Amino acid sequence: MTTLRRPRVIYTNPSRAARPKPEASGTERFWWYFMRLSGLALVILALGHMFIMHVLVVLTGDEINFAFVQSRWGSPFWRIYDFALLVLAFLHGVNGARVVIGDYVNHRTARSLILGVLLVISGIWLVAGMAIIIFFDPSTQSVAGPLS
Amino acid sequence: MDVQLRIRRFNPEADTEPHWEEYAVEAEPTDRVLDLLHQVKWYQDGTLTFRRSCAHGVCGSDAMLINGQNRLACEYLVKDAGTSITVEAIRGMTIVKDLLVDMEPFWDSYKQVMPFLVNDEIPADGKERRQSQADRERYEDTSRCILCAACTTSCPVFWSDQSYVGPAAIVNAHRFIVDSRDTAKEERLEIMADPDGVWRCRTTFNCVEACPRDIKITKAILEVTQEIGKAGIR
């Protein structure tokens, strides 16, 4: 008599019937709209940023150094511009990464862990960036740092 | 013409992993890939297992991954497929045997969107629920779905996480959400606004390419998203 081997499951396939009833998610809805609107805004903000930093600087014979940043951040317009660019690009990128992790990491513990690390690291960087833009004092003297 | 047919086979009673097997088949250019599968099953190897019913692109039973794209085996002709053809089971589903997959999770998602007209009111004339031509036109496209699962199983989001409701279920929800006679729109929109609902669509258009009925699936998904916004569901 031949013994039948138990078929190996090739893919996990959780049945939706076993899941709780679906419920509307305002959070997911918010991020769905945020990704599209911030994407549109970033096209303008990022292209403007690239134009100033890489085209205009060359055309006007300027140099990107501490004095250049000082002169730009002396105006509230450029501070708000850079602040918007920083916050939108950061949230857009981090939410994109969150979505990709959600798509590709199926193990629940691993997913929470990776998401946690992503949020902590990106949170620190975002706050540091915002603090610099908000608290930068244009009257500060240039200090020779390791990158200067 | 001679066709070399490669089929990804899996026998749950003997194999631990699927493997490829090759068959030499003689075919007319106007033969369908389904005819080749029949030739193999009827004359070469009777153990080959696959699903098909009407064999004319209506029942939606024989969706398969043919030459790397989800298609109906009964609609794809040899003259278009070439002389070297690969056939696999649709992806993201548990393989029962060879090209046959367990469709139950697909039906669960489908059932969840309540794919039936909900209306307990008695029509004005007591007989018919009348609808303008423009209202009828709104769901013309999505009402043509044959539930073959070619779209859902071509979706990369579904491949990596089967908790996503999938394009087919959204298309069938759309069919009733935009139907002016239906009264359960809000309930369906609630289901569609779940974290595993429309928000997970990345608009990669795989579903649109795979659909044998040429349904504009991504358009339907976007329309459902708009309806969620209009209904103020949060």
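The values are calculated or read from the model by the stated rules, or taken from the named source; none is laboratory data. Values in this document were obtained by computation on a predicted structure and should not be read as measured data. Please note: Cβ atoms are built from the backbone with ideal geometry, for glycine as well, and neighbour counts cover all protein chains shown. Side chains are part of the model used for accessible areas, which takes the heavy atoms of the whole protein and leaves out ligands, DNA and RNA. Shrake-Rupley method; radii C 1.70, N 1.55, O 1.52, S 1.80 Å.
Is it the case that B:Glu186 is surrounded by fewer than 19 Cβ atoms within 10 Å (Cβ to Cβ) and part of a helix (DSSP H, G or I)? Yes, satisfied. Give me a count of the residues in region A:78-126 that are open to solvent by 50 Å² or more (accessible area, probe 1.4 Å) and not in a helix (DSSP H, G or I). Adding up the residues that qualify gives 2. Looking at the structure I just gave you, is A:Leu37 aliphatic (A, V, I, L, M), open to solvent by less than 70 Å² (accessible area, probe 1.4 Å) and either in a helix (DSSP H, G or I) or modelled with pLDDT under 90 (or both)? Taking the combined requirement at face value, the residue does not satisfy it. Residues that are open to solvent by less than 60 Å² (accessible area, probe 1.4 Å) and of a type outside the set (Lys, Arg) within region B:22-36 comprise B:Tyr23, B:Val25, B:Ala27, B:Pro29, B:Asp31, B:Val33, B:Leu34, B:Asp35, B:Leu36, listed in sequence order. All of (1) open to solvent by less than 70 Å² (accessible area, probe 1.4 Å); (2) more than 29 Å from B:Pro167 (Cα to Cα); (3) not acidic (Asp, Glu) hold for B:Ile7 with one exception: (2). Figure legend. Inter-residue proximity from region B:180-202: first residues under 25 Å from B:Ser154 (Cα atoms) and within 7 Å of chain A (Cβ to nearest Cβ), second residues part of a helix (DSSP H, G or I) and open to solvent by 20 Å² or more (accessible area, probe 1.4 Å), beta-carbon distance below 7 Å, spacing 6+ or different chains. Indicated pairs: B:Ile191/B:Gln112; B:Ala193/A:Arg29; B:Pro195/A:Glu28; B:Trp199/A:Glu28; B:Trp199/A:Arg29; B:Trp199/A:Trp32. Can B:Leu100 be described as in contact (Cβ under 8 Å) with a residue 24 or more places away in the chain, at positive phi, open to solvent by less than 50 Å² (accessible area, probe 1.4 Å) and among the aliphatic types (A, V, I, L, M)? In short, no.
Tell me, please, whether a residue that is without any contact (Cβ under 8 Å) to a residue 60 or more places away in the chain, within 11 Å of chain A (Cβ to nearest Cβ), outside any loop (DSSP other than H, G, I, E, B) and under 30 Å from B:Ser53 (Cα atoms) can be found in region B:159-169. Yes, region B:159-169 contains a residue that is without any contact (Cβ under 8 Å) to a residue 60 or more places away in the chain, within 11 Å of chain A (Cβ to nearest Cβ), outside any loop (DSSP other than H, G, I, E, B) and under 30 Å from B:Ser53 (Cα atoms). Remark: pairs (first residue in region B:203-219, under 17 Å from B:Trp159 (Cα atoms); second residue basic (Lys, Arg); Cβ separation under 9 Å; 6+ apart in sequence or on different chains) = B:Val208/B:Lys216; B:Val208/B:Lys219; B:Ala210/B:Arg71. Which condition from (1) away from chain A (no Cβ under 14 Å); (2) open to solvent by less than 50 Å² (accessible area, probe 1.4 Å); (3) out of contact with any His (no Cβ under 9 Å at 6 or more places or on another chain) is the one that B:Tyr139 breaks? Only one criterion in (1) away from chain A (no Cβ under 14 Å); (2) open to solvent by less than 50 Å² (accessible area, probe 1.4 Å); (3) out of contact with any His (no Cβ under 9 Å at 6 or more places or on another chain) is unmet by B:Tyr139, namely (3). Restricting attention to region B:193-225 and to residues that are of a type in the set (A, V, I, L, M) and assigned to a loop (DSSP other than H, G, I, E, B), the residue that is nearest to A:Thr27 (Cα to Cα) turns out to be B:Ala193. Number of residues in region B:103-136 that are without any contact (Cβ under 8 Å) to a residue 60 or more places away in the chain and within 13 Å of chain A (Cβ to nearest Cβ): the value is 6.
Identify all residues within region B:202-220 that are modelled with pLDDT of 95 or more and open to solvent by 10 Å² or more (accessible area, probe 1.4 Å); write none if there are none. Passing the criteria: B:Phe205, B:Asn206, B:Cys207, B:Val208, B:Glu209, B:Cys211, B:Pro212, B:Arg213, B:Asp214, B:Lys216, B:Thr218, B:Lys219.
Residue-level analysis places B:Arg130 outside the set of residues that are open to solvent by 60 Å² or more (accessible area, probe 1.4 Å) and under 30 Å from B:Gly68 (Cβ atoms).
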